[in-house]
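The values are calculated or read from the model by the stated rules, or taken from the named source; none is laboratory data. Keep in mind that this is a model prediction, so the values were computed, not measured. Reconstructed Cβ throughout: ideal geometry from the backbone, glycine too, with neighbour counts over all protein chains shown. When the accessible area is computed, the model is the full protein with side chains, heavy atoms only, and any ligands, DNA or RNA have been set aside. Shrake-Rupley method; radii C 1.70, N 1.55, O 1.52, S 1.80 Å.
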Amino acid sequence: MRHRYCTFALLLLCGGAFAQSAAQAEKHDMELVGYHDLQGRSAYQPLVHRQGGRWIAYVGHHGGLARNPLSGAEEPNGTSILDVSDPKSPRYLAHIPGEAGKDEAGGAQMVRVCDGSELPKGDKNKVYLLRSYGDTAHEIWDMTDPAKPAILTTVVGKLKGTHKSWWECDTGIAFLVSGAEGWRARRHPQVYDLSDPAKPLFIRNFGLPGHEPGASGPVPSTLHGPISSGAKHNRVYFAYGANSKGVLQIVDRDKLLNGPKEPTPGNLFYPQVARLDFPPQFGAHTSFPVLGMEIAEFAKDKDARKRDFVVVTGETFRNECQEARQMVIFVDVTDETRPVGVSSWAVPEKNGDFCNRGGRFGTHSSNESFAPVYYKRIMFFAHFNAGVRALDIRDPFRPREVAYYIPAVTARTEKRCVGKGAEERCKIAIQTNNVEVDERGYIYAVDRANTGMHILRLTGAAREAMK
């Protein structure tokens with residue numbers, strides 16, 4: 001294990017990076033390459049983008065307040081930008097403040113990045129960042145010089161909710177998670193054309209029937225996030241109900257963009273290919289498509305040797321197992337009109353006495369990168385106090401864990417509590433919240449409890465599964 005040390009006097013120059021004792025981390029076939037404390041900010045979504053000859057990490061944050069050593073000011077949590085070209089020595093470049101407020105009421109949790117050279121109407125010399133601004137807006141920033149971010153435009157404001165959106169860089173179509181005035185759901189889809197990032201064009205509002213203005217009866221589960229497979233495959237996968245009453249909705253992208261846009265129940269239903277409602281205790285936080293799987297087990301079968309899946313991950317909400325366990329569910333969508341769950345996976349609690357460690361235990365999210373280095377072979381899942389877990393998914397009917405890494409806590413790690421008053425008890429525990437990979441194969445795990453970002457790589461037998 002290589003370590004990077006900073007004296008107190010050099011801490012600011014080192015950008016907040018410091019070593020952790022390997023003896024404190026728990027791991028199997030995954031090792032720590034580099035680390036940054038992200039200025040002690042609660043982290044949500046990481047994304048790593050190749051810009052010229054550099055690799056730049058963009059990290060969205062939950063609401064909060066922390067000092068930015070680069071400016072010397074206390075700033076509301078927003079977006080961290082780091083140069084991770086050398087993953088052993090990540091370098092903090094800039095922080096874009098977000099909306100004031102705590103947790104999901106502030107910050108800037110979501111990040112997506114597109115090159116202008118890929119966007120149909122973008123400036124070919126620029127790089128653009130799409131991010132949420134707290135719960136009230138979506139913004140586009142010019143990130144051509146990642147150390148000097150510049151606001152370009154606000155896509156939409158005066159919202160009552162935002163979250164993790166999706167941006168197609170080759171078409172410019174963005175599926176935003178918003179809460180528009182009059183809509184009954186706090187979060188529902190909005191579709192925009194951002195092919196020219198400086199001139200956003202609204203296409204339509206969308207959602208489940210019952211989300212729309214004027215509807216009556218119970219409000220269906222709120223949107224968490226979409227993932228689009230693009231114009232070629234012509235599908236968008238929407239996940240509703242992050243923690244309970246999960247819904248996987250498969251939508252015809254072309255019908256969504258070009259169909260009737262008036263938000264009537266019929267028009268909302270029109271683009272739908274299929275809808276799978278999970279039992280009440282299962283959430284749908286992330287819906288990641290894994291398409292065209294050639295499964296070795298079925299190589300000699302006459303039919304159905306190649307199959308399509310959506311990997312649905314639920315989000316754990318409550319500390320110390322005070323709710324139903326959230327997990328990963330593999331859904332076979334080869335026949336899209338009849339999606340069916342074929343397997344599930346979660347970390348066994350007894351393997352680490354996780355319910356007693358403090359904080360949340362259960363799944364939260366999966367990686368969302370389609371980078372060939374891992375796609376259709378290995379997926380990574382953020383599992384809160386059980387850290388990052390790597391699954392071999394080459395047989396989705398029998399997913400198999402091949403590696404994990406549970407970081408060590410630091411002086412910045414924030415406590416998590418259960419109970420109230422005299423009954424309250426608090427513990428300090430890792431809360432790995434989101435995970436992503438880059439095309440080089442590095443794994444980026446960020447922590448909800450202010451512990452920072454860990455850059456990891458597979459080792460041993462797990463590394464062989466990459467090939």
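The set of residues in the stretch 112-121 being open to solvent by 10 Å² or more (accessible area, probe 1.4 Å) and of a type in the set (Gly, Ala, Ser) consists of 117 alone.
Selection within the stretch 282-331: residues that are open to solvent by less than 30 Å² (accessible area, probe 1.4 Å) and among the charged types (D, E, K, R). The member of this set that is nearest to the chain's Cα centre (by Cα) is 315.
Are there strands (runs of 3 or more DSSP E) fully within the stretch 346-459 with at least 2 residues that are closer than 18 Å to residue 35 by Cα and open to solvent by 40 Å² or more (accessible area, probe 1.4 Å)? List them.
Because the criterion is at least 2 residues that are closer than 18 Å to residue 35 by Cα and open to solvent by 40 Å² or more (accessible area, probe 1.4 Å), no strands (runs of 3 or more DSSP E) in the stretch 346-459 meet it.
Looking at residue 104, is it open to solvent by 20 Å² or more (accessible area, probe 1.4 Å), touching a Lys or Arg at 6+ places or on another chain (Cβ under 7 Å) and of a type outside the set (Ser, Thr, Tyr)? The answer is no for residue 104.
Of all the residues in the stretch 141-176, those that are among the β-branched types (Val, Ile, Thr), more than 21 Å from residue 80 (Cα to Cα) and surrounded by 21 or more Cβ atoms within 10 Å (Cβ to Cβ) number 1. Residue check: residue 44 meets all listed conditions (1) assigned to a strand (DSSP E or B); (2) out of contact with any helix residue (DSSP H, G or I) (no Cβ under 8 Å at 6 or more places or on another chain); (3) open to solvent by 20 Å² or more (accessible area, probe 1.4 Å) but one, namely (3).
Output the residue which, of all residues in the stretch 185-215 that are among the small types (Gly, Ala, Ser) and farther than 22 Å from residue 153 by Cβ, is surrounded by the fewest Cβ atoms within 10 Å (Cβ to Cβ). Only one residue fits best here, namely 214. Could you tell me whether any residue of the stretch 149-159 is over 21 Å from the mean Cα position of the chain (by Cα) and free of Cβ contacts under 8 Å to residues at least 12 places away in the same chain? Yes, the stretch 149-159 contains a residue that is over 21 Å from the mean Cα position of the chain (by Cα) and free of Cβ contacts under 8 Å to residues at least 12 places away in the same chain. Just to be sure I understand, how many residues within the stretch 139-175 are assigned to a strand (DSSP E or B), over 15 Å from residue 98 (Cβ atoms) and among the aliphatic types (A, V, I, L, M)? Qualifying residue count, the stretch 139-175: 6. When each of 273, 219 is tested for being among the β-branched types (Val, Ile, Thr), open to solvent by 10 Å² or more (accessible area, probe 1.4 Å), free of Cβ contacts under 8 Å to residues at least 60 places away in the same chain and more than 19 Å from residue 343 (Cα to Cα), the lone residue that passes is 219.
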